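The values are calculated or read from the model by the stated rules, or taken from the named source; none is laboratory data. Owing to the predicted nature of the structure, the values given are computational and were not obtained by experimental measurement. Note: ideal-geometry Cβ built from the backbone for every residue, glycine included; neighbour counts use all protein chains shown. SASA here: full protein model, heavy atoms, side chains in, ligands and nucleic acids out. Shrake-Rupley method; radii C 1.70, N 1.55, O 1.52, S 1.80 Å.
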Amino acid sequence: MPDERESQRSRYRQIAEQIKQAIRSGTLRPDSRLPSVRTLATQYSVSPTTALKTLRTLEDERFAVAKPKSGFFVAARLAEAEPPQLAQPRLIAPLDEQTEMHLAILGSECRVRLDLANGDSALYPVNKLGLLMRQMGYSKPALLGNSVKGTGYLPLKQEIARRAVDYGCALSPDHILITNGCIEAVSLSLRAALTPGDVVAVESPCYFVLLQMLHNLNLRVIEVEAGAEGYVDVEKLTALFRRRAVQAFLTISNVNNPLGKSIPNEQKARIARAADENEVVIVEDDIFGDTAFGDRRPFPMRAFSSNVILCSGFSKTVAPGIRIGWVHSVNLMRKIASLKYTSTMGTSMLSQAAVAELLRSGGYDAHLRKLRRELAGQIEKMRQALLRAFPAGTRVSEPEGGYVLWVEMPQRALNVRELFLKARDAGIGIAPGHIFATDDRYDRCFRLNAGFGWNDEVEQAICQLARWCRESLPAA
């Protein structure tokens, strides 16, 4: 059976190459109709699935375009069909002394909290959660008295699976493992799916904790920058898949950190399809999915392929200190569970039970509506203040959810490493851009957190950051 699958895979590539050669030579002219799936299957004596994969491959490589209800056509301009220039994999170097110091400082106490990616405790149902924990600790003492083993509290796993239906995912509780936060879920997934030296594609800018995680696991990385839309450049990413240049793609496809954008469904489907066809593992961090501002929660990439390893949690929605995460995998759950048991063994059952009851009672949905509304207002208020205060040429992201804004200062402004230290000395916390990449490409950028609300102190902090930026620019 594996030989047959491999034969089919190589066959659709052979057919695609023949059609590409005909396009290059001019035999197939721009805008001309390509054979239908049925015709292609008959001509080459292959299955309809293989024929469709051939046409999808031509579309992914921009030799063809699909027109609804009309079929596939040769791309109008072949020059645009040439594969984009690809980055080379690199090992993430050990942190230099300055960056190590910045990461150590980040998150420590300061007067104005603009550096994290969460909110004030007033945003969360902490009183409700505390009451649930007290009630369940009293009524179910076994939650505290028994040893913490296994894959998690079954009612919580059932609630996670129930909710997943609303965002396009059919998850079995048997394939869900509860973890100590989403970060542990991602780490376990990478360890289960990859071996040291493997290459992982990431969105750029990339959440700095994920970059350091890849470094600690001795994995190489290719950073794929965002396109003009604010999410990962899908052309460059899928080209990496087709060339077998990466073994995995680590993504925050919904409300990316730090840009705050979500990949549209049609592009998620395209990425997932290309990953499946080229045996690339997708590890998806969906921790911000529930914070999306729209009327409907965006679908994760897992909705478009059952092979995606989906990770999420409740620290961004229920309470930052709750540290309840989870991972779902169809193919690697046994290995993930083994790694969990031999590293942290288990996760607090009482916390799991309280979150499960919050989900079951409907209190979570009411809370989410309020949280999204509050965050959307706080984000917009801070964004407008940044645009007013900072000099012309400053760019500020337009997040579709979450807590943070990404600020890009004018080209000749001060280096963000200097700005970070100035801000810290003044009691202002920011996340400097250089920690979101393996090089200096974001040395004029920084991330700000709007989750702690808007007040005079925050406004003054933004005005001070803007003043340092303006003072560093050459006189007009």
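At-a-glance table
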item	result
Hits in segment 432-455 (condition: hydrophobic (A, V, I, L, M, F, W, C) and more than 16 Å from R395 (Cα to Cα))	I435, F436, A437, A450, F452, W454
Selected residue [in the same structural domain as I287 (by the TED database), at pLDDT below 80 and under 27 Å from the mean Cα position of the chain (by Cα)] from D60, D96	D96
Residue within segment 232-253 that is surrounded by fewer than 23 Cβ atoms within 10 Å (Cβ to Cβ), among the β-branched types (V, I, T) and in contact with a Gly (Cβ under 9 Å, 6 or more places away or on another chain) present	yes
Subset tally (residues that are closer than 25 Å to D290 by Cβ and of a type outside the set (G, A, S)) for segment 238-258	9
Residue in segment 426-459 that is farthest from V224 (Cα to Cα), counting only those that are open to solvent by 60 Å² or more (accessible area, probe 1.4 Å) and in contact (Cβ under 8 Å) with a residue 60 or more places away in the chain	E457
Lone qualifier among A376, A413, A423 - being open to solvent by less than 50 Å² (accessible area, probe 1.4 Å), within 17 Å of C469 (Cα to Cα) and part of a helix (DSSP H, G or I)	A423
Positions within segment 21-51 being open to solvent by 70 Å² or more (accessible area, probe 1.4 Å) and either assigned by the TED database to the domain that holds A272 or not in a loop (DSSP other than H, G, I, E, B) (or both), in sequence order	Q21, R24, S25, R33, R38, T42, Q43, P48, T49
Candidate set from segment 328-339 (those that are open to solvent by 10 Å² or more (accessible area, probe 1.4 Å) and not β-branched (V, I, T)); member that is nearest to G152 (Cα to Cα)	A337
Residue, modelled with the lowest pLDDT, within segment 292-344, restricted to residues that are farther than 20 Å from T251 by Cα and among the charged types (D, E, K, R)	D295
Some residue of segment 251-270 being outside any loop (DSSP other than H, G, I, E, B), under 10 Å from the mean Cα position of the chain (by Cα) and either aliphatic (A, V, I, L, M) or modelled with pLDDT of 95 or more (or both)	yes
Boolean, L219 is touching an Asp or Glu at 6+ places or on another chain (Cβ under 6 Å) and not basic (K, R)	yes
Any chance G325 is closer than 16 Å to L371 by Cβ and crowded, with 24+ Cβ neighbours inside 10 Å	no
Which listed residue, of G377, G289, G362, is among the small types (G, A, S) and on the phi > 0 side of the Ramachandran plot	G362
Counted residues, segment 392-438 - those being of a type in the set (V, I, T), closer than 14 Å to Y207 by Cβ and touching a strand residue (DSSP E or B) at 6+ places or on another chain (Cβ under 7 Å)	2
Extreme residue, most open to solvent (accessible area, probe 1.4 Å), among residues of segment 273-304 that are more than 16 Å from the chain's Cα centre (by Cα) and small (G, A, S)	G294
Residues of segment 215-231 that turn out to be in a strand (DSSP E or B) and open to solvent by less than 40 Å² (accessible area, probe 1.4 Å), as a count	5
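Okay, residues lined up against (1) closer than 25 Å to Y341 by Cβ; (2) buried (at least 18 other Cβ atoms within 10 Å of the Cβ); (3) in contact with a Leu (Cβ under 7 Å, 6 or more places away or on another chain):
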| position | (1), (2), (3) |
| --- | --- |
| L114 | no, yes, yes |
| A117 | no, yes, no |
| N127 | no, no, no |
| Y138 | no, no, no |
| N146 | yes, no, no |
| K157 | yes, yes, no |
